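Single-structure report; data block below.
The values are calculated or read from the model by the stated rules, or taken from the named source; none is laboratory data. Computed from a predicted model, the values in this text were never measured in an experiment. Reconstructed Cβ throughout: ideal geometry from the backbone, glycine too, with neighbour counts over all protein chains shown.
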Amino acid sequence: MKLKVGDQVLVTGGKDKGKKGPIIRVLPTKDRVVVESVNLYVKHVKPIGDRPGQRLSSPRALPTANVAIINDKGQADRIGYIVNKAGQKVRIFKKTGAEVPTKK
């Protein structure tokens, strides 16, 4: 999977089309990603005993086809791979050719 945790992405389809945010979880076997504050669903919890009732919102996974990584110029882009001079395989932006910054 070309997308990794921490990548800034733009949602390109679905009910939250146009929203931006970082990836907080990657599900490679299902080909999906979870983006912070996007595709939120609400679960209603009834009050039990001393615990009050509440609404819990949590983000759900999006298909990778509905997100695009944001490059260094702030545009939606795609990811490619090259082998650098040190012999390491690195991710690059297709439009700009710049290396994708890695989060540690």
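A few notes on this one:
- Filter pass, LEU10 being farther than 26 Å from ALA98 by Cβ, in contact (Cβ under 8 Å) with a residue 12 or more places away in the chain, of a type in the set (A, V, I, L, M) and out of contact with any helix residue (DSSP H, G or I) (no Cβ under 8 Å at 6 or more places or on another chain): no
- Residues (among the β-branched types (Val, Ile, Thr) and under 23 Å from SER37 (Cβ atoms)) located in the range 62-101: THR64, VAL67, ILE69, ILE70, ILE79, VAL100
- Within the range 51-76, considering residues that are surrounded by 12 or more Cβ atoms within 10 Å (Cβ to Cβ) and among the hydrophobic types (A, V, I, L, M, F, W, C), the one farthest from VAL11 (Cα to Cα): ALA61
- The residue list LEU3, LEU62 contains one member that is within 18 Å of THR102 (Cβ to Cβ), touching a residue at least 24 places away in the same chain (Cβ under 8 Å) and of a type outside the set (Asp, Glu), which is LEU3.
- Those strands (runs of 3 or more DSSP E) of the range 1-56 in which 2 or more residues are farther than 17 Å from ARG78 by Cβ and either touching a Phe, Trp or Tyr at 6+ places or on another chain (Cβ under 7 Å) or at pLDDT 95 or above (or both) occupy 20-27, 32-35, 40-45.
- Which listed residue is over 14 Å from the mean Cα position of the chain (by Cα), aliphatic (A, V, I, L, M) and surrounded by 13 or more Cβ atoms within 10 Å (Cβ to Cβ), from ILE48, ILE92, ILE79: ILE92
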